[in-house]
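Engineer: Just dropping this structure here.
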Amino acid sequence: MFRKVHLYLTALCAGITTAILIVMSLSYLYLSEKELYENQFRSFQNDINTIATSLEQQSVISMEWLSKMEARGGYTFYALDNGIPFLYNRLTNLSESSEIRRLLDECLEIYRNEYSHDYMFEIEVNSPFSTCIHSEFPLHSTGGKPEYYISVIELNRGASSLQLLVLSPLNFLREQINRQRMRFLLIDIAAILLLSLFSFFFTGKLLQPVIESRKKQTEFVAAASHELRTPLAVILSAAECCRNANEEKQARFLDTIRQEGDILTSLVNDMLTLSASDSQRFTCRPAPVELDTLLINTYEAFEPLAAEKKLSLSITLPEESLPPCTADADRIVQLLSILLHNAVSYTPEGGCIDLALSHKKNRFYLTVSDTGVGIPPEDKKKIFDRFYRAEKARSAKGHFGLGLSIAAEIVRLHHGTITVTDRQGGGSVFTVLLP
């Protein structure tokens, strides 16, 4: 399932970023190509201004001058003297090329019909001897892009009229645009591949916590089922045995059912507490509390249990008065009870348990240390996981591996930390830091 979700998220992420990249690339190409055409048109207009000025100053238009002007700008000239083509045109075979001839006729027709003034640039120079007018416009292809820039220059001197058509092919500009498009295409392809790889690893990282959570949830359900199955089996077996047992045996079986029922109740309550934590319903009601008073009350509550197991339970409090701590008193008592209950359960007879409180730099330190069996180094990182126990015999000592998970949630609600270390001489030390 997660593999399909991973691939779907990768495709979605890569698709969105690819679409954005393509739209931005096309937008840039459109603006860039538009600017290139406009710059080329302005350059063409400037050249025509120079040609028109030079033409006006010429008393005789020679073929050498026409060739020079054509070569300098890469243009094609077609000159008409009172409507008659120049000899220069016949020598360059312009009049014999049907394609060029058609193009020239089309340009003259456009000029005569006054092509859209949005593309025209006209200058009129009046003097006692001549009048010079020129107009520039693009000649569009069927695809909508200009194929040529055209200029028609009219020079009138008395009764004589000269028309000069200047054609500027845009082959070089189109080649430049095609090279730019190809570069963008290759860059976009490379970017799409990189984005796809990035999306694959990025979505994999995003899904990792979900996968871990699903894995933990599966392990939690399996462990809970295992824990619930044992007391239920004992209860059903005891209930079955009650049918044919005498009163004395029935009383023992009923005691067994009650004990296992208490175990089930404790397990279900712990599971409900963790479920509330997962759904953000595990609330904390902080208020100023005296931590030393809470420790004394908890110590007094566990002292009989420790004495029953022949354990030495002590409490260490600072001599100076402590400031109040903003915390939920009930949750702190629950936290201390979990730690002390674990210490009592895993400390052999004759051992010692110490409950201590200290205050340093606006922080409170609660410690529960014991001389018990200790925790192996490889288990310290997992000791706060749900249903995890250093001892694999889950039914032993009536623990289910949920107490420390609840303790960690309580500390998290108080924005504190909880750690476990080894005690010198054997045993464990649980340290809770509260701000």
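The values are calculated or read from the model by the stated rules, or taken from the named source; none is laboratory data. Only a predicted model underlies this, so the values are computations on that prediction, with no experimental measurement involved. Methodologically, a virtual Cβ is constructed for each residue, glycine included, from the backbone with ideal geometry; neighbour enumeration extends over all protein chains shown.
Engineer: Does region 26-62 hold any residues that are within 15 Å of LEU165 (Cα to Cα) and among the hydrophobic types (A, V, I, L, M, F, W, C), and which are they?
Structural biologist: Listed by number, the residues that qualify are PHE44, ILE48, ILE51, ALA52, LEU55, ILE61.
Engineer: Let me ask something else. Looking at region 119-128, can you tell me whether even one residue there is assigned to a strand (DSSP E or B), of a type in the set (Val, Ile, Thr) and modelled with pLDDT of 75 or more?
Structural biologist: So in region 119-128, the residues assigned to a strand (DSSP E or B) come out as 123-126.
Keeping just the survivors that are of a type in the set (Val, Ile, Thr) gives 123, 125.
Now drop any that are not modelled with pLDDT of 75 or more, which leaves none.
There is no residue in region 119-128 that is assigned to a strand (DSSP E or B), of a type in the set (Val, Ile, Thr) and modelled with pLDDT of 75 or more.
Condition check ((1) free of Cβ contacts under 8 Å to residues at least 60 places away in the same chain; (2) under 30 Å from LEU206 (Cα atoms); (3) assigned to a strand (DSSP E or B)) across all residues:
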position	(1), (2), (3)
LEU9	no, yes, no
SER32	no, no, no
TYR37	no, no, no
ALA71	yes, no, no
PHE77	no, no, yes
